[in-house]
Amino acid sequence: MKYYLLIFAAVIATSCNMTRRTPPPPPASHATEGRSVAAAPAQINYHDQSTFLLGYFNPSMLRKEPHSEWFMKGFDDYMPSSQAMNALLDIPQDDLSIKIVMGTWCPDSRREVPRFMKILDVWHFPETRVTFVGVNEDKISPVGDFDKLHIERVPTFIIYKNNSEAGRIIEVPKTSLEQDMVNILTGMNK
């Protein structure tokens, strides 16, 4: 029984649904046995609050340091399913909008948000109808009525049709991001 509790605790601790504080990495040594060694590139500690994007933010901020490396790599590397993309292309966009709630400190957000943005790019979805909300490690954001979104895990992608919530993708997709979007927008996720 203790073994199962230990496994359960380990799984919970690795999710972006938990609050984690990571100590800063130890300072790098610049000399080895009397020889000078070039410093390695600085590792970015995304749990350092100075890197957080909080509240409403423009997605162009993800294309700038310190976030550009993970964002651009995830965006460039992701290849959405052509079958799901063809289905999305058949769905009218006029009455749709999307809210993305994410934490730049969260590995799941750093993995899924660039992929989601690649899907929107291929779909030619207007970025002006996408709202980005950044949260801290406690899933709190300085946005009015934020608590009404009922965010427990990030990233959370909320898809609205005619200003009413049509569905959500929470933390990780059930199938794939693009297929989950198709399922939400065609009513197949119910």
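The values are calculated or read from the model by the stated rules, or taken from the named source; none is laboratory data. Model, not experiment: these values are computed from the prediction. Areas reflect the complete protein model, heavy atoms only, side chains present, ligands, DNA and RNA absent. Shrake-Rupley method; radii C 1.70, N 1.55, O 1.52, S 1.80 Å.
Each residue was assigned an accessible area with a 1.4 Å probe, and for Thr51 the value is about 20 Å².
Each residue was assigned an accessible area with a 1.4 Å probe, and for Arg63 the value is about 90 Å².
A 1.4 Å probe run over the stretch 38-90, with the rest of the protein chains in place, finds 65 Å² accessible per residue. Residue ranking by accessible heavy-atom surface, 1.4 Å probe, largest first, among Lys73, Lys139 comes out as Lys73, Lys139. The largest accessible area among Asp76, Asp90 belongs to the first residue in Asp90, Asp76, and the rest follow in falling order (1.4 Å probe, all chains). Accessible area per residue for the stretch 136-181, computed on protein heavy atoms with a 1.4 Å probe, is 53 Å².
Over 20 Å apart at the Cα level, from the set Lys118/Lys174; Lys99/Lys174; Lys64/Lys174; Lys64/Lys118, are Lys64/Lys174.
Seen through its C-alpha gyration tensor, with square-root eigenvalues sorted a ≥ b ≥ c, the stretch 124-176 comes out oblate because a/c lies at 1.5 or above while a/b is not bigger than b/c.
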